[in-house]
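Taken together, the values in this text are just the output of simple stated rules run on the coordinates, not laboratory data. Because the structure is a prediction, the values reported are computed rather than measured. Cβ placement follows ideal geometry from the backbone for every residue including glycine, while neighbour counts extend to all protein chains displayed.
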Amino acid sequence: MFPLRDDNPTRHRPYVTVGLIGVCILAFLWQNAQPHYEEIVWYFGLIPSQLLGTGPFIPGAANPLVTVFTSMFLHGGWMHLGGNMLFLWIFGNNIEDSSGHLKFLVFYLLCGVGAALAQVASAPTSEIPMIGASGAVSGVLGAYLLLFPRARVSTLVFLGIFVTIIRLRAWLLLGVWFGGQALQAALTPPGSPGVAFVAHVGGFVAGMVLIGAFKRRGVPWFADGGPRSEEARKRPIDIRFRRSPKGSDSPWRPGPWG
């Protein structure tokens, strides 16, 4: 399942959400403009053993504490970047609207820290760098689940050769997503290269725990998501079928993409 948009209008412009997306895009363009792409990942990615002071010294690498934050803005490919930024745009603008610009920025960064700490705790001796905004974005999803569980989300669903667009409740979409991440985290050996599922789980839980302290006073829990959601419930489910494209030309890079 792949979310496309939500029926959840906002009252304020999401300046921070747009800014975070812009910074991530610029960071990715800068990454790919460097002659030695891999070195950027090693210098600015989060390496658990480096953070704990047990790993070998890496000349030129940023301070391990700094990499907790720099790693959130690096990505392993266009698909990695695009997926994270799409999720951030769909769900982040509502959380920013519910908390305020500055508080949302702090909330987002703290969720990223929570995701990083979860990854470090699961594999403290790992020497594989972790990069990506997924941990922080997962925190946004956790907050959205508590604030707007009944909002409708237009979701792309693949059924064999067909592509279907269905409006789903946020609690169903995010619940299935989190369950899948938790299952993968349980089945994946700690410190394995690939997707950092533990970071996703840690960020999601951090978002659920922190949002109560960051949301505006008067913002309710478990809301429907706004007037459009009320109208959407009266309309039939919008389903469209398209043939899915064969193959993919997107590059794959090993590593714990957060």
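Label 7 Å along Cα→Cβ of F2; region 121-164 residues with amide nitrogen under 14 Å?
The answer is 155-164.
Can you tell me the Rg and Dmax of the chain, counting just the alpha carbons, in angstroms?
Cα-based Rg and Dmax for the chain come out at 18.5, 61 Å.
Only four residue types carry charge here, +1 at the Cβ of Lys and Arg and -1 at the Cβ of Asp and Glu. Report the dipole size of the chain about the Cα centre in Debye, rounded to the nearest 20.
1060
Looking only at region 1-45, which residues have a backbone nitrogen under 18 Å from a spot 7 Å from the Cα of L159 in the C-beta direction?
What the label zone holds, given the 18 Å backbone N cut-off, is 1-4.
So which trypsin sites (Lys or Arg not before Pro) in region 1-110 pass both tests, a DSSP loop state and at most 16 other Cβ atoms within 10 Å of the Cβ?
Here the trypsin sites (Lys or Arg not before Pro) that fit, given the DSSP loop and packing criteria, are R11.
Going by how many other Cβ atoms sit within 10 Å of their own, how do S126, S134, S49 line up, fewest first? All intermediate terms of the calculation are to be shown ahead of the outcome.
Working: S126 24, S134 30, S49 18.
With the sparsest Cβ surroundings first, the list reads S49, S126, S134.
Rounded, prolate or oblate, given the Cα gyration tensor of region 9-50, with a/c below 1.5 counting as rounded? Kindly include the intermediate steps, with their values, before the conclusion.
Working: a/c = 5.87, a/b = 2.01, b/c = 2.92.
Cα axes put region 9-50 in the oblate bin.
Count neighbours as other Cβ atoms within 10 Å of each site's Cβ, and list the chymotrypsin sites (Phe, Trp or Tyr not before Pro) in region 55-150 that are DSSP loop with at most 12 such neighbours.
F57
With helices defined as uninterrupted DSSP H runs, which ones in the chain have an alpha carbon span along their own long axis of at least 15 Å and mean Kyte-Doolittle hydropathy of at least 0.0?
15-33, 78-99, 101-122, 134-147, 170-187, 197-214
Starting from the 7 Å offset along Cα-to-Cβ, what nm value, one decimal, do you get for the label separation of V23 and R150?
Here the modelled spin labels are 3.6 nm apart.
Over region 85-207, what lengths in whole Å, largest first, do the semi-axes of the equivalent ellipsoid take, defined as the square roots of 5 times the eigenvalues of the alpha-carbon gyration tensor?
Output for region 85-207: semi-axes of 24, 20, 11 Å.
Calculate for the chain the 222 nm mean residue ellipticity that helices alone would give, adding -39,500 (n - 2.57) per DSSP H run of length 4 or more and normalising by residue count, nearest 500 deg cm²/dmol.
Dividing the helical sum by the residues of the chain leaves -17500 deg cm²/dmol.
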